[in-house]
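Participant: Here it is: the structure, laid out below.
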Amino acid sequence: MRDVLRTSYRELRVQVPIRMDDGSLEVFTGYRVQHNAARGPYKGGIRYHPDADLDEVRALAALMTWKTAVVGIPFGGAKGGVQCDPTQMSDGEKQRLTRRFTQMISYVLGTNRDIPAPDMGTDAATMAWMMDAYSSRYGYTPGIVTGKPVELGGSLGREAATGRGVVYAIEDAARDLGIELEGATVAVQGFGNVGSWFARLVLELGCRVVAVSDVKGGIHRAGGLDVDAVAEHVRESGSVVGVPDTESISNEELIELDVDVLVPAALDRVITERNADRVRARLIAEAANHPVSPAGDEILEANGKTVIPDILANAGGVTVSYFEWVQNIQQFRWEEEHVNTELKKTMSRAWEAVYARSQADGIPLRLAAFAIAVEKVDRADRLRGYV
């Protein structure tokens, strides 16, 4: 069984030739890796990034298997990617790339087989193009992707779902760990979709967001940032850097700030053996995928820090993707309040199970989360007679 769970069921590599705006022909490489579908259809995002090679996509596909299992939604795990730099491409080039890539992998997709979603470098518009490309061949199929525009069958609340899920995870963790959130200080590395929504929503718990950052740098204000003003500054300038009445800091300095809660919401491996000893936050919530290296994790554990692992903390996005898929199948839209209520229930159930396992076995939350997820997938594979 270990060999089944540690390898992928299917790995598809395709060439994606497209005509660029200047008339030249570029041939990109795309992947769709399907890790495990014992518990339901494959589920996972499509990533456009120069580093989206087979090794990265394969690892992220496995992570999706464990993420869907730990929160108890009936999906398996998959991931897709195209090695390209979307920041250097026009909308027309990205649309042609998306349509061709969808055509190349369409025979392994399906509403009850494999449902893509947005990821790094892709968004709701990308999903609309994917849905249209698939539907042009197989008939109108809104449930083939999630993270779509609301006008095309997307779910209300989906845009904020990952950030909102992180807030719910922190709220539950703080209750059980005895952390007072009223007046607690929070630092957020990354101010994209997840980080910006989290920063807005965590204020509802009475927290103060004192630092945020993006790829260009960070800002800090001990008394707390006006998150709406920061978001407006980003819309105007493209970065958090330069917000009036704030102190400029680096991403590295943000990680080491003396705050109550640290939320890495951008890149992977930002906390490693090189800086983990200098992390002062008591609670770290992994809004990004794999922001803490294994060596860094050991140091944080030894220093008494609590880490809410990524497969739990950032599972709000895939959870509401499941709700979107359900709505598409039922052809019945949920109100946003209902979406958020069901998300809260799902995240809280998952936290309670992971925390209880951690306490019962005397193990870190990450190990508890993976243990629960692996056991669920193992049992599903055996019940179906796959092994």
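Participant: For GLY92, all conditions in the list (1) buried (at least 17 other Cβ atoms within 10 Å of the Cβ); (2) at pLDDT 95 or above hold save one; what is the number of the exception?
Facilitator: (1)
Participant: Sticking with this one: Pick from ALA173, ALA133: which is farther than 23 Å from ASN289 by Cα and either in contact (Cβ under 8 Å) with a residue 60 or more places away in the chain or in the same structural domain as THR29 (by TED's automatic domain parsing) (or both)?
Facilitator: After applying the criteria, what remains is ALA133.
Participant: Evaluate the following for ARG269: is it touching a Gly at 6+ places or on another chain (Cβ under 9 Å) and on the phi > 0 side of the Ramachandran plot?
Facilitator: Taking the combined requirement at face value, the residue satisfies it.
Participant: Cβ-Cβ below 6 Å, separation at least six or inter-chain, first residue in the stretch 23-51 and farther than 22 Å from MET1 by Cβ and without any contact (Cβ under 8 Å) to a residue 60 or more places away in the chain, second among the small types (Gly, Ala, Ser) and in a strand (DSSP E or B): which pairs?
Facilitator: TYR31/GLY81
Participant: Which count do you get for residues in the stretch 215-239 that are within 28 Å of GLU273 (Cβ to Cβ), modelled with pLDDT under 95 and either in contact with a Phe, Trp or Tyr (Cβ under 8 Å, 6 or more places away or on another chain) or not aliphatic (A, V, I, L, M) (or both)?
Facilitator: Residues meeting the conditions: 1.
Participant: Between ALA276, ALA281, ALA222, ALA231, which is within 21 Å of the chain's Cα centre (by Cα) and either among the hydrophobic types (A, V, I, L, M, F, W, C) or under 25 Å from ALA161 (Cβ atoms) (or both)?
Facilitator: Only one candidate passes the filter, namely ALA231.
Participant: Suppose we filter GLY317, GLY296 for residues that are touching a strand residue (DSSP E or B) at 6+ places or on another chain (Cβ under 6 Å) and in a helix (DSSP H, G or I); which single one remains?
Facilitator: GLY296
Participant: Considering only residues that are in contact with a Pro (Cβ under 7 Å, 6 or more places away or on another chain) and of a type in the set (Val, Ile, Thr), which ones fall in the stretch 121-159?
Facilitator: Passing the criteria: THR126, VAL145.
Participant: Any residue in the stretch 262-270 that is in a helix (DSSP H, G or I) and either surrounded by 16 or more Cβ atoms within 10 Å (Cβ to Cβ) or of a type in the set (Ser, Thr, Tyr) (or both)?
Facilitator: No, the stretch 262-270 contains no residue that is in a helix (DSSP H, G or I) and either surrounded by 16 or more Cβ atoms within 10 Å (Cβ to Cβ) or of a type in the set (Ser, Thr, Tyr) (or both).
Participant: Regarding the stretch 119-136, can at least one residue be identified that is surrounded by fewer than 17 Cβ atoms within 10 Å (Cβ to Cβ), among the hydroxyl-bearing types (Ser, Thr, Tyr) and closer than 19 Å to ILE105 by Cβ?
Facilitator: yes
Participant: Still on this structure, please answer the following. Out of the residues in the stretch 137-191 that are in contact with an Asp or Glu (Cβ under 7 Å, 6 or more places away or on another chain) and not aliphatic (A, V, I, L, M), which is surrounded by the fewest Cβ atoms within 10 Å (Cβ to Cβ)?
Facilitator: Among them, the one singled out is THR185.
Participant: Within the stretch 28-71, take every residue that is buried (at least 24 other Cβ atoms within 10 Å of the Cβ) and β-branched (Val, Ile, Thr) and give me the one that is nearest to GLN95 (Cα to Cα).
Facilitator: The selected residue is ILE46.
Participant: What about LEU283, is it over 22 Å from HIS49 (Cβ atoms), assigned by TED's automatic domain parsing to the domain that holds GLY165, in contact with a strand residue (DSSP E or B) (Cβ under 6 Å, 6 or more places away or on another chain) and surrounded by 24 or more Cβ atoms within 10 Å (Cβ to Cβ)?
Facilitator: Considered against the rule, which asks whether it is over 22 Å from HIS49 (Cβ atoms), assigned by TED's automatic domain parsing to the domain that holds GLY165, in contact with a strand residue (DSSP E or B) (Cβ under 6 Å, 6 or more places away or on another chain) and surrounded by 24 or more Cβ atoms within 10 Å (Cβ to Cβ), LEU283 comes out as no.
Participant: Condition test on GLY218, is it out of contact with any Cys (no Cβ under 8 Å at 6 or more places or on another chain), surrounded by 15 or more Cβ atoms within 10 Å (Cβ to Cβ) and under 21 Å from ALA313 (Cα atoms)?
Facilitator: It is false that GLY218 is out of contact with any Cys (no Cβ under 8 Å at 6 or more places or on another chain), surrounded by 15 or more Cβ atoms within 10 Å (Cβ to Cβ) and under 21 Å from ALA313 (Cα atoms).
The values are calculated or read from the model by the stated rules, or taken from the named source; none is laboratory data. Quick caveat: nothing in here was measured; it's all calculated off a predicted structure. Neighbour counts run over all protein chains shown; Cβ positions are idealised from the backbone, glycine included.
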